[in-house]
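Working notes, structure below.
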Amino acid sequence: MAILSLQNVGYKVDTNEILKNINLDINENEFITITGPSGGGKSTLLKIIATLLTATTGEIFFDGKNQDEYAITEYRQQVSYCFQQPSLFGETVFDNLSFPYEIRQKEFDEKSAIEALKSVNLPETYLHKDINSLSGGERQRVALLRNTMFLPKVLLLDEVTVGLDARSIEIVHEFIDKIWKQGVTILQITHHEGEIKQANKIIWVEEGMIKDVTTKR
């Protein structure tokens with residue numbers, strides 16, 4: 001059974017059809033790249049899966065249940081979306097890494113947070129670092145950690161390496177690969193050639209439609 005199933009999904013703003021009749025089954029632990037020309041509907045598709053937008057037509061099923069049957073917080077804990085421009089909140093890295101514990105009403109695990117920071121090449125001193133002093137690459141790494149302190153079933157990545165330096169991109173790639181190997185299903189939007197190669201399935205979206213699906217292995 002597919003972990004995510006999109007059935008005849010469409011999205012329209014006034015008379016502008018941005019997505020048309022999207023049918024897609026995503027299996028557990030797949031690593032999927034969504035690519036295609038700018039303005040083709042890729043980000044809209046990911047945001048609909050993430051519940052940041054609501055499809056105009058069609059249905060989405062997650063883990064065998066209609067997306068509409070989930071409480072939004074319950075769904076987003078399992079289907080986690082990372083923005084292209086990382087949106088950190090509060091004042092420190094701690095505020096961001098402790099948030100997943102707060103919404104689950106769990107005690108913050110400082111040891112796990114420090115290990116997480118080290119996994120993306122950030123020292124433990126960063127736990128109490130002011131978010132305004134972080135570089136773009138560091139902000140994106142903290143955002144990724146916030147989304148994965150408790151592993152979701154599906155991780156949605158919307159061009160998360162755009163604008164990052166080469167070393168930050170390498171660190172993010174290694175981290176995402178590690179998350180995938182822990183059983184998380186990955187859907188990423190990218191135009192980055194290396195990231196396209198990282199996936200085991202490539203979906204080409206153009207003019208609001210899936211034009212091609214290539215399975216690599």
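We did not get these values from a lab; they are worked out from the coordinates using the rules stated. Treat the numbers as computed from the prediction; the structure is a model and nothing was measured. Here the Cβ is made from the backbone with ideal geometry for all residues, glycine too, and neighbour counts use every protein chain on show.
Could you please find all residues in segment 65-93 being under 24 Å from residue 210 (Cβ atoms) and in contact with a strand residue (DSSP E or B) (Cβ under 9 Å, 6 or more places away or on another chain)?
Let us first name the residues in segment 65-93 that are under 24 Å from residue 210 (Cβ atoms), namely 65-68, 75, 78-84.
Answer for segment 65-93, where residues must be under 24 Å from residue 210 (Cβ atoms) and in contact with a strand residue (DSSP E or B) (Cβ under 9 Å, 6 or more places away or on another chain): 66, 67, 68, 75, 78, 79, 80, 81, 82, 83, 84.
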Find the strands (runs of 3 or more DSSP E) located wholly in segment 5-62 whose residues include 3 or more that are of a type in the set (A, V, I, L, M) and closer than 26 Å to residue 176 by Cβ, and list them.
16-26
Hits in segment 86-116 - residues which are among the basic types (Lys, Arg) and under 13 Å from residue 150 (Cβ atoms)
104, 106
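Quick check on this structure: which one of 70, 126, 75, 81 is under 29 Å from residue 20 (Cβ atoms) and in contact with a Leu (Cβ under 6 Å, 6 or more places away or on another chain)? Please lay out each step first, then the result.
On the way: 70 fails: in contact with a Leu (Cβ under 6 Å, 6 or more places away or on another chain); 126 fails: under 29 Å from residue 20 (Cβ atoms); 75 fails: in contact with a Leu (Cβ under 6 Å, 6 or more places away or on another chain).
Answer to the check: 81.
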Matching entry among 138, 102, 74, 107 (being over 21 Å from the mean Cα position of the chain (by Cα) and either under 16 Å from residue 188 (Cα atoms) or not aliphatic (A, V, I, L, M) (or both))
107
Criterion (of a type in the set (D, E, K, R), farther than 30 Å from residue 23 by Cβ and in contact (Cβ under 8 Å) with a residue 40 or more places away in the chain) met by exactly one of 153, 201, 178:
178
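Pick out, from segment 99-208, the helices (runs of 4 or more DSSP H) lying fully within it that include 3 or more residues that are surrounded by 17 or more Cβ atoms within 10 Å (Cβ to Cβ). It would help to see each step written out before you state the result.
Values: elements: 110-119, 136-148, 166-181, 193-198.
Result: 110-119, 136-148, 166-181.
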